[in-house]
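The values are calculated or read from the model by the stated rules, or taken from the named source; none is laboratory data. Small disclaimer: the values here were computed from a predicted structure and weren't measured. Here the Cβ is made from the backbone with ideal geometry for all residues, glycine too, and neighbour counts use every protein chain on show. When the accessible area is computed, the model is the full protein with side chains, heavy atoms only, and any ligands, DNA or RNA have been set aside. Shrake-Rupley method; radii C 1.70, N 1.55, O 1.52, S 1.80 Å.
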Amino acid sequence: MTITTVRIASILLGGCLAASVFSGPVFAVGDNDSTTPTCKKGEIYDQKTKKCVKQQGANVSDENRTDYAYSLAKAGRYEEALAMLDTVKNQNSAEVLNYRGYATRKLGRTDEGISYYLQSVKMDPQYAKVREYLGEAYVIKGRLDLAREQLNTIKAICGTSCEEYKDLSAVILDPSKI
């Protein structure tokens, strides 16, 4: 083999390795339980097959779609998260309403987000995550009294050591953490 052939083979092998590393799913970065990977636009992470599949015609559950929408939102892909939530058959679940509230709030539509959070609370008053996000929305609105009410409710649900309590408490003390 010539030196040129070895160099070309090395470049091709390196390119193939790089392509395989960067073509897999990307894990959402978040401060809580968003462990579902995110995929390229137009794809959804299928929890059964553990890989990204084309969104059109994907046979995945509402729970899978809801979890994936949350991962998109935690990755800052709010519009895509809302579009994914639109594909969920059961729109009337506490999680769907909470994540819809989260994405709309992050898009700057805080009042709309609060309305979704309140619907979610009505469906599941013991859902600590929605209480945390509702409290954060109240902090944004300058309603620390209402945020503290949510913090007290979270304390009654899961105590002071749960992530939701810690996160909302930190935001109340320092609103720049939102």
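State yes or no: is Glu132 open to solvent by 50 Å² or more (accessible area, probe 1.4 Å), among the acidic types (Asp, Glu) and part of a helix (DSSP H, G or I)? Considered against the rule, which asks whether it is open to solvent by 50 Å² or more (accessible area, probe 1.4 Å), among the acidic types (Asp, Glu) and part of a helix (DSSP H, G or I), Glu132 comes out as no. Pairing residues of the range 103-114 that are within 11 Å of Leu82 (Cβ to Cβ) with residues that are open to solvent by 60 Å² or more (accessible area, probe 1.4 Å), at Cβ distances under 7 Å and at least 6 apart in sequence or on separate chains, gives Thr104/Glu112. Just a yes or no: is a residue in the range 147-156 open to solvent by less than 20 Å² (accessible area, probe 1.4 Å) and touching a residue at least 60 places away in the same chain (Cβ under 8 Å)? There is no residue in the range 147-156 that is open to solvent by less than 20 Å² (accessible area, probe 1.4 Å) and touching a residue at least 60 places away in the same chain (Cβ under 8 Å).
Each residue in the range 119-149 was checked for being polar (S, T, N, Q) and more than 19 Å from Ala103 (Cβ to Cβ), and 1 pass. Which one is farthest from the chain's Cα centre (by Cα) among residues in the range 119-145 that are under 12 Å from Glu95 (Cα atoms) and hydrophobic (A, V, I, L, M, F, W, C)? Among those that are under 12 Å from Glu95 (Cα atoms) and hydrophobic (A, V, I, L, M, F, W, C), it is Met123. Val26 falls short on exactly one of the conditions (1) modelled with pLDDT of 75 or more; (2) touching a strand residue (DSSP E or B) at 6+ places or on another chain (Cβ under 9 Å), and that condition is (1).
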